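Accompanying notes for the structure given below.
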Amino acid sequence: MKAPSLLPGDPSELRLRLCYTDKLTDTPQADTMERWDVAVLHEETTAGSITFYRVNLDRGLNAFRAMEQESDELDEIAQALLDPDTGNFTEVASGQLPYVGSSLLVMDKVTLDEPWCGYGLGAILAIEAIHRLMAGCRGIACSPGVTDLSSDRLRDQTEWDRVNDKIARGWERIGFRLHQGNVYLLSPVSTQLEERGAMRQRLAELGTSWRTAQDEKPAP
């Protein structure tokens with residue numbers, strides 16, 4: 001992990017802004033799929049973003065078909081978790097999820113600007129956002145990984161695989177478990193989700209380390 005002194009600002013001052021835009025369209029797709037955009041903010045600057053979809057399995061369009069139409073990433077998750085005929089959880093997925101709700105929360109994309117990467121902040125911020133959006137959900141899913149092999153940091157398949165494995169380990173730390181293929185599943189009643197206090201403590205410690213490093217810098 002990188003030295004906290006290299007962070008561009010105090011990480012304990014990061015904030016989340018959750019936004020759901022309702023287009024007020026009277027369509028089955030709109031009733032089934034809710035997109036939630038979470039901005040990661042530091043002071044007045046955007047430091048990253050997280051995209052969630054709340055998929056309502058009990059109203060509107062068949063949820064499997066709605067996810068299939070939305071994107072390839074959501075289609076992959078639907079193939080792993082939902083019955084194409086009913087749009088409900090498959091028997092296998094259902095067996096892993098206590099019945100505590102009727103919706104599926106999908107963590108679609110987590111992005112942090114490069115200066116904020118390498119400190120474990122993605123998992124800390126994701127668990128905070130999940131806590132705010134998971135009410136009424138029976139399961140939380142993600143398909144961790146990167147898709148851009150052309151970037152300077154991911155010049156070959158070996159590096160691409162290494163980064164994907166690192167991302168998956170980060171989600172496993174907050175309770176996600178491999179379900180099928182590259183789809184990971186988390187129950188809202190997971191005991192690891194209840195350990196949000198430990199994550200917040202880690203964030204506070206990073207902030208303390210950063211502030212100490214700033215105080216120790218020689219005056220210009």
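With a Cα-only, solvent-free Debye model of the stretch 1-132, what are the log10 I(q)/I(0) values at q = 0.09, 0.18, 0.20 Å⁻¹?
Calculated log10 I(q)/I(0) at the listed q: -0.33, -0.99, -1.11.
Would you check the accessible area of Val40, probe 1.4 Å, heavy atoms only, in square angstrom rounded to 10?
0
For the chain, what is the per residue volume of the convex hull drawn over the alpha-carbon atoms, in cubic angstrom?
134
Counting helices only, and only those DSSP H runs with n ≥ 4, report the 222 nm mean residue ellipticity of the chain as the sum of -39,500 (n - 2.57) divided by its residues, in deg cm²/dmol to the nearest 500.
Result for the chain, helices only: -11000 deg cm²/dmol.
In nm, to one decimal, how far is the modelled label at Glu91 from the one at Glu13, with both set 7 Å along Cα→Cβ?
Reported label-point gap for Glu91 and Glu13 is 5.6 nm.
What spacing in nm lies between the two simple spin-label points modelled at Ser102 and Glu194, each 7 Å away from Cα in the Cβ direction?
About 2.7 nm, to one decimal.
Residue by residue, what Karplus-based ³J(HN,Hα) values in Hz, rounded to whole numbers, does the stretch 197-213 have, using 6.51, -1.76 and 1.60 with θ = phi - 60° and x for Gly and Pro?
Residue by residue, the stretch 197-213 yields x, 5, 5, 5, 5, 4, 5, 5, 5, 4, x, 4, 4, 5, 5, 4, 5 Hz.
For the stretch 1-113, what is the accessible area per residue in Å², given a 1.4 Å probe and the full set of protein chains?
53
Based on the Cα atoms of the stretch 68-114, what semi-axes does the equivalent ellipsoid have, where each is the square root of 5 times one gyration tensor eigenvalue, given in whole Å with the largest first?
Taking √(5λ) for each eigenvalue gives 23, 15, 9 Å, largest first.
Which of Ala47, Leu6, Leu24 sits closest to the plus end of the dipole of the chain, meaning its Cα is farthest towards the positive end, when Lys and Arg get +1 and Asp and Glu get -1 on the C-beta?
Looking along the dipole axis, the top candidate is Leu6.
Can you give the FRET efficiency for Lys2 and Glu216, using 1/(1 + (r/R0)^6), R0 = 22 Å, r = Cβ-Cβ distance, to the nearest 0.05? Before the final figure, lay out the partial values.
On the way: r = 17 Å, r/R0 = 0.78.
FRET efficiency, Lys2 to Glu216: 0.80.
What shape does the stretch 162-214 take by its C-alpha gyration tensor, where a ≥ b ≥ c are the square roots of the eigenvalues and a/c under 1.5 counts as rounded, a/b above b/c as prolate, and the rest as oblate?
Here the stretch 162-214 falls in the oblate category.
For a quick check of your reading of the filter: which chymotrypsin sites (Phe, Trp or Tyr not before Pro) in the stretch 51-137 sit in a DSSP loop and have no more than 16 other Cβ atoms within 10 Å?
Tyr99
Can you pull the percent of the chain's accessible area that's carbon plus sulfur, 1.4 Å probe, other chains left in place?
Roughly 48 percent, rounded to a whole number.
The values are calculated or read from the model by the stated rules, or taken from the named source; none is laboratory data. Just so it is clear, the structure is predicted and the values come from calculations on it, not from any experiment. Heads up, the Cβs are rebuilt from the backbone with ideal geometry, glycines too, and the neighbour counts pull from every protein chain shown. Remember, those area values only see protein heavy atoms, side chains included, never the ligands or the DNA or RNA. Shrake-Rupley method; radii C 1.70, N 1.55, O 1.52, S 1.80 Å.
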